[in-house]
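One structure is given below, encoded as structure tokens.
The values are calculated or read from the model by the stated rules, or taken from the named source; none is laboratory data. These numbers come from a predicted model, not from an experiment. Note that we place each Cβ from the backbone using ideal geometry, even for glycine, and neighbour counts take in every protein chain shown.
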Ligand code: F6R
């Protein structure tokens, strides 16, 4: 395993600069907020907490995860159902009165382009977020509003661009209330986290490096304590897949207490070297805290279990501190596994093959 304190070794193993993008993430998020603040409600579009029958964020992979963040962080407030769609087809209920937010960082993901066409054909209002590609061309040709973000990065390293402009736009559309204070808190805390987690911060005081070292060579299972912590756990999962190129599983309380908890009975016969990460929150309810603690005891003593706590007051800040922590861990984990965190050969190969099929 490379020495995670050796900056030159990190740079050699990360030629695509995933670490630099991760370090620059708070600035990217600030820019994302600015882009969103410039959004103007198109003429004739309704505004208000119940102006739309439903809001559907449609996208895939790194462009869909911002939809999970939006849905889960607003679930106690939003009066309009907010859903995430990850497929060619939109649900049957999407039509006139719906707001469809089509997110594709590249602008060329075929499932998202298909969903965009369906939204248009069914008379939904359509807002696009992209850095360019066919999606931007179509939005322009159709006269649909577009949140245009800088391109040229891996989508999964661009969630500051794919989440925050949408976050600002839904505030301007009145679907949720003003969240300026929460946004500021989330950004401030990410700037602070960056100092603790960046490569120049030695392992002795850098919990992201410590956790990556502890997870290297293991099969990690990540559980979120409830609600948006489940979305954090899923983000860790997909970042471990794409950056470190490893399998991982994720789930959330309370649901995992009703099925997945039993999988631990035979886990050691299925594979060696499991490790668990519990994404927790000091604002978890007593019931949830009790569930997490009891589950840790029931999983058993021979699986290492690491507690990670989201930080902050607002749900948004706690969401993003959990996500940003995991982004650093995923890049260190890639380096610990000897992987180049940026390349995604199997996704590229599949997209190339599918591009040949009409
Ligand atoms: C790559 C990544 C992928 C893409 C997905 C969709 O970094 O995160 O999961 O996000 O293949 O592509 P886009 O985001 O361009 O629509």
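If you check residue 57 against the conditions, is it at pLDDT 95 or above and in contact with a strand residue (DSSP E or B) (Cβ under 7 Å, 6 or more places away or on another chain)?
Working: at pLDDT 95 or above: yes; in contact with a strand residue (DSSP E or B) (Cβ under 7 Å, 6 or more places away or on another chain): yes.
Against the criterion (at pLDDT 95 or above and in contact with a strand residue (DSSP E or B) (Cβ under 7 Å, 6 or more places away or on another chain)), residue 57 qualifies.
A count restricted to region 53-63 and to residues that are crowded, with 24+ Cβ neighbours inside 10 Å and assigned to a loop (DSSP other than H, G, I, E, B) stands at 1.
Using the structure shown, decide if residue 95 is at pLDDT 95 or above, away from the ligand (no atom under 12 Å from the Cβ), out of contact with any strand residue (DSSP E or B) (no Cβ under 7 Å at 6 or more places or on another chain) and closer than 17 Å to residue 52 by Cα. Taking the combined requirement at face value, the residue satisfies it. Say whether the condition of being within 16 Å of the ligand (Cβ to nearest atom) and in contact with a strand residue (DSSP E or B) (Cβ under 8 Å, 6 or more places away or on another chain) is met by at least one residue in region 163-183. Taking every residue of region 163-183 in turn, at least one turns out to be within 16 Å of the ligand (Cβ to nearest atom) and in contact with a strand residue (DSSP E or B) (Cβ under 8 Å, 6 or more places away or on another chain). Residue 78 satisfies every condition listed in (1) more than 24 Å from residue 37 (Cβ to Cβ); (2) more than 16 Å from the ligand (Cβ to nearest atom); (3) not in a strand (DSSP E or B) except (1). Looking at the structure I just gave you, is residue 156 at pLDDT 95 or above, closer than 19 Å to residue 84 by Cα and more than 12 Å from the ligand (Cβ to nearest atom)? No, not satisfied.
Taking region 44-63 as the range and being closer than 18 Å to residue 168 by Cα and out of contact with any helix residue (DSSP H, G or I) (no Cβ under 9 Å at 6 or more places or on another chain) as the test, the residues that pass are 45, 46, 48, 49, 50, 51, 52, 54.
Looking only at residues in region 143-153 that are out of contact with any helix residue (DSSP H, G or I) (no Cβ under 6 Å at 6 or more places or on another chain) and without any contact (Cβ under 8 Å) to a residue 60 or more places away in the chain, the one that is nearest to the ligand (Cβ to nearest atom) is 151. Within region 170-205, the set of residues being more than 16 Å from residue 47 (Cβ to Cβ), touching a residue at least 24 places away in the same chain (Cβ under 8 Å) and part of a loop (DSSP other than H, G, I, E, B) comprises 198, 199, 200, 202. Checked against the criterion of being assigned to a loop (DSSP other than H, G, I, E, B), within 17 Å of the chain's Cα centre (by Cα) and away from the ligand (no atom under 14 Å from the Cβ), region 66-75 contains one or more residues that satisfy it. Within the set 88, 116, the sole residue that is within 16 Å of the ligand (Cβ to nearest atom) and touching a helix residue (DSSP H, G or I) at 6+ places or on another chain (Cβ under 6 Å) turns out to be 88. When you check residue 301 against the structure, is it without any contact (Cβ under 8 Å) to a residue 12 or more places away in the chain, in a loop (DSSP other than H, G, I, E, B) and more than 16 Å from the ligand (Cβ to nearest atom), yes or no? Answer is yes for this residue. For residue 319, which of the numbered conditions (1) assigned to a loop (DSSP other than H, G, I, E, B); (2) under 18 Å from the mean Cα position of the chain (by Cα) fails to hold? All conditions are met except number (1).
Taking the criterion of being surrounded by fewer than 17 Cβ atoms within 10 Å (Cβ to Cβ) and assigned to a helix (DSSP H, G or I), the residues of region 121-169 that qualify are 121, 137, 140, 141, 142.
Residue check: is residue 208 within 22 Å of residue 1 (Cα to Cα) and outside any loop (DSSP other than H, G, I, E, B)? Full working, then the answer.
Details: within 22 Å of residue 1 (Cα to Cα): yes; outside any loop (DSSP other than H, G, I, E, B): yes.
Considered against the rule, which asks whether it is within 22 Å of residue 1 (Cα to Cα) and outside any loop (DSSP other than H, G, I, E, B), residue 208 comes out as yes.
Scanning region 247-264 for residues that are surrounded by fewer than 24 Cβ atoms within 10 Å (Cβ to Cβ), within 16 Å of the ligand (Cβ to nearest atom), within 20 Å of residue 67 (Cα to Cα) and touching a residue at least 40 places away in the same chain (Cβ under 8 Å) turns up nothing.
Comparison of 33, 100 shows that the only residue that is outside any helix (DSSP H, G or I) and either within 16 Å of the ligand (Cβ to nearest atom) or modelled with pLDDT of 95 or more (or both) is 100.
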